[in-house]
Structure formats: structure tokens, C-alpha cells
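The values are calculated or read from the model by the stated rules, or taken from the named source; none is laboratory data. Keep in mind that what you see is a predicted model, and the values were worked out from it rather than measured. Every residue, glycine as well, gets a Cβ built from its backbone with ideal geometry; the counts of neighbours run over all protein chains shown. Areas reflect the complete protein model, heavy atoms only, side chains present, ligands, DNA and RNA absent. Shrake-Rupley method; radii C 1.70, N 1.55, O 1.52, S 1.80 Å.
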Amino acid sequence: MRALPELTEYSMSKVDLSQFTFKGLERPVIEDLRTMSAADKEQLIMSGVDVDETDRSASFLHMDHSNVHCESNDPNVEILDIKKALAKYDGLPDYFWKLIDKDKDEFTRAAAENLHGGYFIRTKKGVKIEKPVQSCLFIKADKAGQNVHNIVVVEEDSEVHIITGCLVSDQHTEGAHLGISEFYVKKGGKLTFTMIHNWGEKVTVRPRSYGLVEEGGAYLSNYVLMKPVHDLQMYPTIRLAGRGAVARFNSVVVAPEGSLLNMGNRVIMDAPETRAEIISRTITTGGTMIVPAMIEANAVPARGHLECKGLILGKGVIHAIPELKGTVAGVELSHEAAVGKIAQEEIEYLMARGMDEEEATSTIVRGFLNVDIMGLPAELKEVIERTIQETEKDMF
């Protein structure tokens, strides 16, 4: 039997970084996000960013090659541009490039050699941060190449929700985003990380993310992508290194025609009494999606579950690749994967109750993309609901 191909064998289109501008796109400081243009503010809002900042404990905005806004409204949250954090903390020797190899690929090397910025976020030990922290990585200029490195440190017994919006100023803007993220959740800490990708049809995206969760810690990830993106490849990994650690990934993704997505998640369970769950809901309306997901258990007891479900509306491809790996007796790992179409009997059932075919299909799709499972703040659910409504116009 032929072995399952490595992730790298599911190759993406070749990226020529020389076609993008990686120098000279510095931007001035923006003291008040409300002073931005109406178009930019609308893009920010649709990416989960509160421009009023009244319901955020801290805010960070990086535009093209510069940090343009960085402010904390809570003394228990430290937020800095990564360059300032490196200067303040003598290079952040415990955190900077500790989980990711800077020579992993051409994208990590590019980010290491020419760092534009990124955020450093750290919570105070033992404190639950009541309001979310928000960050935004914004490509404004056409042909901009953006290198960022983000570090999040959740100290012992603290809790925080970070909402990250990634976007371009216009759907026709061409750009490349190379993002490195390292997450450290200390003993008893909890990080909820919600990412809304609102890229464009000519944007290439290469995030590289890795997280380490200590004893009793939790990492909860929510990922939303409902807008076109030219070419995206990511495979974030979380290592559960302490007893009782937990990781959960929730993803809601739509791939319109022209989008090429290779995106999945991996959890490595290296301690006893750990739990992992990866849940994805994917729809293609013409795009190509490769959806790898893996749970690896190397200690007992350990429980993990994968659930990958995809809908093909019209043309398009979904290639779901669930993987389970157990290296010791007694691990409990399971998966459920399904790719197909909307059942005709479901449509007919709703039509028999007064809906036309389009309304019935829309209702089923909304249920499939149910974001209630994410446990998001009410205002963020509203943003995602608006995004679903806009996406439905393109679907139908």
C-alpha cells in the first residue's frame, strides 16, 4: 500500500516573492482608528476590529511594513510591536523563534531576514482579561509583501481572548503575507484565538504557527475565511506538553472560484490526560481545498476527535485528509469525515413548508456554517453573520 503523502506533496502554486515589494512601504502612526477612511473602517469592522476600542482591552494595527497603532487599555495586558519587545527584553530569548525553525522554508527565512513587525502580547499572571484583545494585519498598498512575527504569552492561571483580523484594502489588491506566530500558554492559562481572514482574490498567504500548552492549559482556536484568496497554505500545530492540557480548533471556510486553499490543523498530545478536538466546516463554490488534519497521541490517557465535513456547491474540489497517530496503547482517537452535496430531501422538506429552493438551500448552508459552536462574543457573531450574508449573494 502506498504511504499517505506528506503535506509538502500537496504542493501549492509556486510563489515568486520577487514580484512583491518588501521594502519602503512604511506608514505613519494612527492615533485614533476612528479617523481612518470609511472604506478602511468597514474592512476593519468586517474583520472583527472595533474601531471605537471601547470593548477591547488592547489594540494593535500593522499596515504594510509598519506598526501604526498599539495601545493597551488594561494594565494586565502588555502589548508591543515585536521590534520594541525584542529591544526591551534583550531579544526575547525564551520565546523568539523557539517553536518554529527560521529555516523551515523560504517564507520563514524571508520573515527572519527582513522583519517588518508584528505583535507581542502578554497577560499578567493569575488575571482573567474581561475584554478581548484585538490585532489587525493590513495590506494597504498594491504588490506589498508583508513579513510579521507574532508572539503571545499567556501567563499562569490567566485567560485572554485575542481577535485577529487579516485583510487587504480592496479585493483587487495584490499582495503576499508571511506571518510567523508562536503561542505560549503557561500552567492553568487559557487562550482563545479567533482569526478572521478577509484577504483578496490576488493575495498569497503563508502563515506558520506553533503553540505550546503547559499543564492544565487550554488553547481554543476559531478560524473564519469566507472571502476569496488566491493562494493560502497553513498547518498550525499545537503541542500539549503538560498533564490535562486541551486544544480545540474550529474552522469555517468558504472557497469561491479561483481560490486555492491548503489548510489544516495538527495537535500533538505529549502528556497524559490531554484532550484534542479539530472541527472543520468547508464549502467550495468553485475553489480547490485541501484539508489535512492530524491528531497524534504519545501519552495516556489521551482523547482526540477529528470532524471534517465539506459541501460542494456547483464546481470545486475538497480533498479531506484526516490522520490519527497513536504511539502507545490505550489512546482514544476517532475521526469523522464527509464530503458531498446538500441532500435533495432536505431541500424538498423545507420547500414543502413554504420556502423556495434558494431559501431552502440558504437555510441549510447557514446551519452547516453554524458559528454558535465557537462560543464567540455577540458582536463578533454579528460580524460573521454579515459575512455569511454577503457570501450567500455570491453562492446563489
Worksheet, complete the sentence: Filtering the range 98-136 for residues that are part of a loop (DSSP other than H, G, I, E, B) and within 19 Å of the chain's Cα centre (by Cα) leaves a count of 4
Worksheet item: Quick check, is His69 farther than 24 Å from Tyr235 by Cα and modelled with pLDDT of 95 or more?
Response: yes
Practice prompt. For the range 206-228, name all the residues that are at pLDDT 95 or above, more than 18 Å from Glu155 (Cβ to Cβ) and crowded, with 24+ Cβ neighbours inside 10 Å.
Written response: Arg208
Discussion item. Over 27 Å from Thr274 (Cα atoms), more than 19 Å from the chain's Cα centre (by Cα) and either of a type in the set (Lys, Arg) or modelled with pLDDT of 75 or more (or both): is that true of Leu313 in this structure?
Written reply: yes
Worksheet entry | Which listed residue is out of contact with any His (no Cβ under 8 Å at 6 or more places or on another chain), crowded, with 18+ Cβ neighbours inside 10 Å, in contact (Cβ under 8 Å) with a residue 12 or more places away in the chain and not in a helix (DSSP H, G or I), from Glu78, Glu53, Glu71 | Glu53
Item to complete: Counting only residues that are touching a Ser or Thr at 6+ places or on another chain (Cβ under 6 Å) and open to solvent by less than 40 Å² (accessible area, probe 1.4 Å), give me the strands (runs of 3 or more DSSP E) lying completely in the range 264-360 with at least 1 of them.
Response: 274-285, 288-297, 302-312, 317-326
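This table checks each residue for (1) surrounded by fewer than 23 Cβ atoms within 10 Å (Cβ to Cβ); (2) in a loop (DSSP other than H, G, I, E, B); (3) modelled with pLDDT of 95 or more.
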| position | (1), (2), (3) |
| --- | --- |
| Leu86 | yes, no, yes |
| Asp90 | yes, yes, yes |
| Pro93 | yes, yes, yes |
| Gln146 | no, no, yes |
| Gly165 | no, no, no |
| His177 | no, no, yes |
Response to the item:
Here the residues within the range 167-212 that are farther than 19 Å from Arg248 by Cβ and hydrophobic (A, V, I, L, M, F, W, C) are Leu167, Val168, Ala176, Leu178, Ile180, Trp199, Val203, Val205
